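The structure appears below as structure tokens.
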């Protein structure tokens, strides 16, 4: 995905929201591998396990796992191609 497309998609997400969600990436920070951004996803919820990583849930997962939405943070996830 090119930068212009990512910006367009992120603006679309931002325009639909009235909050400022955290952005999370699905890979490590050590640069072990890289992949082009495939797409951003909205409507997800994050629970930090440490300051370095955590778990992402959708609305259905929260219900299935009996997790209170108050214990989560809204996020936008940038998903890799691979």
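How do 30-40, 69-79, 6-16 rank on mean C-beta neighbours within 10 Å, highest first?
Result, highest mean first: 69-79, 6-16, 30-40.
Using Cα pairs closer than 8 Å and at least 6 residues apart in sequence, work out the relative contact order for the chain, in percent.
Here the relative contact order equals 41 percent.
Between residue 69 and residue 51, what is the spin-label point distance in nm, taking each point 7 Å from the Cα along the Cα→C-beta axis?
Going by the 7 Å Cα→Cβ label model, 3.0 nm.
Out of these labelled values of Rg and Dmax of the Cα atoms in Å, (1) 16.0, 48; (2) 13.6, 38; (3) 13.5, 44, which was calculated from the coordinates shown here?
This structure yields the entry labelled (2).
Helix 3-16 against the longest principal axis of the chain: what's the angle in degrees, Cα atoms only, rounded to the nearest 10?
30 degrees
Assuming a ≥ b ≥ c are the square roots of the Cα gyration tensor eigenvalues, decide whether region 1-42 counts as rounded (a/c under 1.5), prolate (otherwise, with a/b larger than b/c) or oblate.
In terms of gyration-tensor shape, oblate.
Run through the DSSP bridge list for the chain and note the antiparallel percent, rounded to the nearest 5.
Bridges in the chain are about 75 percent antiparallel.
Rule-based calculations on the coordinates, nothing more; no lab input. Keep in mind the model is a prediction, meaning the values are calculated, not measured. Using ideal geometry, Cβ is built from the backbone for each residue, glycine included, and neighbour counts are taken over all protein chains shown.
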